[in-house]
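In what follows, a single structure is set out as structure tokens and then discussed.
The values are calculated or read from the model by the stated rules, or taken from the named source; none is laboratory data. Given the structure is predicted, the values throughout are model-derived calculations rather than measurements. Neighbour counts are summed over all protein chains in view; Cβ atoms, including those assigned to glycine, are modelled from backbone coordinates with ideal geometry. We work out accessible area using only protein heavy atoms, side chains counted, and drop any ligands, DNA or RNA first. Shrake-Rupley method; radii C 1.70, N 1.55, O 1.52, S 1.80 Å.
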Amino acid sequence: MKRMSAFHFAAALVLFGTVSADAADTINTQDLAVRVDKLADGLQHPWAVEVLPDGAYLVTERPGRMRIVRDGKLSDPIGGVPKVSARGQGGLMDVALAPDFATSRKLYFTAAIANSRGSGTEAFSATLSNDEKTLHAVTPVFTMQRFTSGNIQYGSRIAIARDGSLFISVGDRGDRDRSQDWQDDAGSIIHINADGSIPADNPFKDGGKALPEIWSKGHRNPQGITFDAKDGKLYTVEHGARGGDEINQPEAGKNYGWPVITYGRDYSGAAIGEGTAKEGLEQPLHYWDPSIAPGALVVYRGAMFPEWDGNFIVAALKFQLLSRMQRDDGGAFVTEERLFEGEYGRIRDVVVAPDGALLMVTDEDNGALLRISRAQARNG
């Protein structure tokens, strides 16, 4: 798939919008006007949002809380969430509803968990009580093989495949060489069944060359992972160092290069690895330089914004924006529109609601849940 250079891609940027977070805002974008509504605030570093069957919202907060937003009201924290290691970049991270949540009440979540060996990324399954007050049957389904000191680069998001299996992103934990150790979960995309067992199509299911749960390696800190609902293809977005944030399409058994190849540099300015390409290592579909510090990623498929069908929507922390990226018929990224830059704060998650609206959460001390919908045309 053709990749566009960062220089030429930057020349295609289109910047739009001046907004205020105090009330509902109408913003003109390249294609249409959108409305931004604040559904809730007072959240402490919210990390993820999911829409419940009745239209309420389930939100995680990094210090270790889950809450429900319904009719503009924020619930008390849901009980049963295990103790998380809320240090540095750690804490409670992603949440994903099982496909049959409406009847099973089952969900999955990821967190940084600490023990005597340090901390690491862990994924859990649980059921939400009918009264929405507590989690039951909280069960680890994945625990990274090696816990270490340090409190950065845990990942971690969940994407649920059509067969119900889980893809989980795990960061390199700040130790870049771990991303090339196939006997280490760090710097990997993990693939497991919903009960934690190993799927039959995993590339290393026999545990020979690599840990059996590993799907792909050579990732730095992937904080976005999603399936395109149209064709079922898996995509990730991950943090580079200074430059080199990437979009990848992880495939079974492939190596995406970090830190052997990268389009970024160390924070000191020093070069990393062996350059930008090497035989046997995969190229990103796209990279950013300078970095935008990407959060979550979604491929837009929804009724509300047909103009954006197939666009990639990427949350950005450092630049405090949503990046809407268009591809040509060959799959190459050709333009980028940067929405809400610097106006709502650090955007951590973005998802498509059932009605096609976009939802996003802001990673702030006083974080908010925001809804992006189509603005109504004025009469006259």
Please go through the range 82-107 and pick out each residue that is open to solvent by 30 Å² or more (accessible area, probe 1.4 Å), touching a strand residue (DSSP E or B) at 6+ places or on another chain (Cβ under 7 Å) and under 17 Å from residue 62 (Cβ atoms). 82
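Do you know which residues across the range 125-146 are under 30 Å from residue 179 (Cα atoms) and among the charged types (D, E, K, R)?
Our first condition is that a residue be under 30 Å from residue 179 (Cα atoms); within the range 125-146, this holds for 125-126, 138-146.
If the condition is that a residue be under 30 Å from residue 179 (Cα atoms) and among the charged types (D, E, K, R), then 146 is the only one that fits.
Under 16 Å from residue 46 (Cβ atoms) and in a strand (DSSP E or B): does that describe residue 297? If you could, list the steps in order and put the result at the bottom.
Working: under 16 Å from residue 46 (Cβ atoms): no; in a strand (DSSP E or B): yes.
For residue 297, the condition - under 16 Å from residue 46 (Cβ atoms) and in a strand (DSSP E or B) - is not met.
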Need the failing condition index for residue 186 against (1) surrounded by 15 or more Cβ atoms within 10 Å (Cβ to Cβ); (2) within 23 Å of residue 241 (Cβ to Cβ); (3) touching a Pro at 6+ places or on another chain (Cβ under 9 Å), just the number. (3)
Quick one: is residue 303 outside any strand (DSSP E or B), among the aliphatic types (A, V, I, L, M) and over 24 Å from residue 241 (Cα atoms)? yes
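Which residues, taken from the range 221-237, are in contact (Cβ under 8 Å) with a residue 24 or more places away in the chain and among the basic types (Lys, Arg)?
Quick first cut of the range 221-237, residues in contact (Cβ under 8 Å) with a residue 24 or more places away in the chain only: 221-230, 232, 234-237.
Correct list: 230 only.
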Looking at (1) more than 21 Å from residue 208 (Cα to Cα); (2) open to solvent by 50 Å² or more (accessible area, probe 1.4 Å), which one does residue 150 not meet, given that it meets all the others? (2)
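Residues 371, 348: which one is surrounded by 23 or more Cβ atoms within 10 Å (Cβ to Cβ), under 27 Å from residue 73 (Cα atoms) and not acidic (Asp, Glu)? Reasoning before the result, please.
On the way: 371 fails: surrounded by 23 or more Cβ atoms within 10 Å (Cβ to Cβ).
Result of the check over 371, 348: 348.
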Consider only pairs whose beta carbons are under 8 Å apart and that are at least six residues apart or on different chains; among these, list those whose first residue lies in the range 126-141 and is within 15 Å of residue 94 (Cβ to Cβ) and touching a residue at least 12 places away in the same chain (Cβ under 8 Å) and whose second residue is polar (S, T, N, Q) and open to solvent by 60 Å² or more (accessible area, probe 1.4 Å). 126/139
